[in-house]
Amino acid sequence: MGTAHTVTGYDVDISNSLYTVADFTFSGDATITGTDAGSYAMELKPADFTNISKNFSIVEIVIVDGTLTIKVRPITVTINGNTDTKVYNGTDQSVEGYKAESDSDLFDASKVAYSGTAEVKKTAAGTYAMELDKTKFSYADRNIKATFVIEEDGELKLNKKDVTIVVDDAEK
């Protein structure tokens, strides 16, 4: 979770130099606090201000409300598919999964999801790529815009099995 951000206070622009800040009181709350990305309004109202001047009986209060805008934080997430080397055994063998890492202090690997299949399953000897697709990764936090980079695709390597054949050519 991110840190709360706060904006406090307001500026005053008075059209008549004889009327000053000392001629009114403020009874509202001029504070905005937010943690999540988005825009937050201060929600000041003319009723929050009271004219106390004996020299001005009609004072129009015009509010240009304050806002706090928290932008979505961009991060880069590096994906490394799991790899494994096995020996051919005549049955399906597989490797699955990946590691997700980022240097951002806001990164949480549990929020990374993959909508594809992060697995390669084969029977015959050979080397097979997992074929991870960076467009199928997502990050479940509306405050973060994650860009995914596949550093290493996952891989299954099935080595050929050594077989010894003994041919007995002896005469019987």
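No lab work stands behind these numbers, since they all come straight from the coordinates. Model, not experiment: these values are computed from the prediction. Every residue, glycine as well, gets a Cβ built from its backbone with ideal geometry; the counts of neighbours run over all protein chains shown.
What the table shows:
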quantity: Summed side-chain charge close to M42 - residues other than M42 whose Cβ falls under 14 Å, Lys, Arg +1, Asp, Glu -1; calculated: -4
quantity: Rounded to whole Å, sorted largest first: equivalent-ellipsoid semi-axes of the range 102-172, Cα gyration tensor; calculated: 48, 11, 9
quantity: Gyration tensor over alpha-carbon atoms, the range 61-142, equivalent ellipsoid semi-axes in Å; calculated: 44, 11, 8
quantity: Anisotropy class of the chain from Cα gyration tensor, a/c 1.5 cut; calculated: prolate
quantity: Sequence-separation-based contact order of the chain, relative, with Cα cut under 8 Å and 6+ spacing, percent; calculated: 21
quantity: Radius 9 Å from Cβ of L106, net charge of other residues (Lys, Arg +1; Asp, Glu -1); calculated: -2
quantity: Computed over the range 1-94, Cα set: Rg, Dmax in Å; calculated: 28.2, 98
quantity: Amide H contacts of R73 (H built 1.01 Å from N, under 5 Å, at least 5 apart or other chain); calculated: I144, K145
quantity: Estimated dipole of the range 51-172 in Debye, rounded to 20 [Cβ of Lys and Arg +1, of Asp and Glu -1, Cα centre]; calculated: 580
quantity: Positive-end residue of V7, A113, A47, charge dipole of the chain with Cβ unit charges; calculated: A113
quantity: Cut-off 18 Å (backbone N to label point 7 Å along Cα→Cβ of T117), residues of the range 69-100; calculated: 81-84, 91-98
quantity: Model label zone, D108; criterion: amide N under 18 Å from point 7 Å along Cα-to-beta-carbon; scope the range 142-157; calculated: 142-147
quantity: Size of charge dipole - the range 62-110 - debye, nearest 20, with Cβ of Lys, Arg +1 and Asp, Glu -1, no other charges; calculated: 100
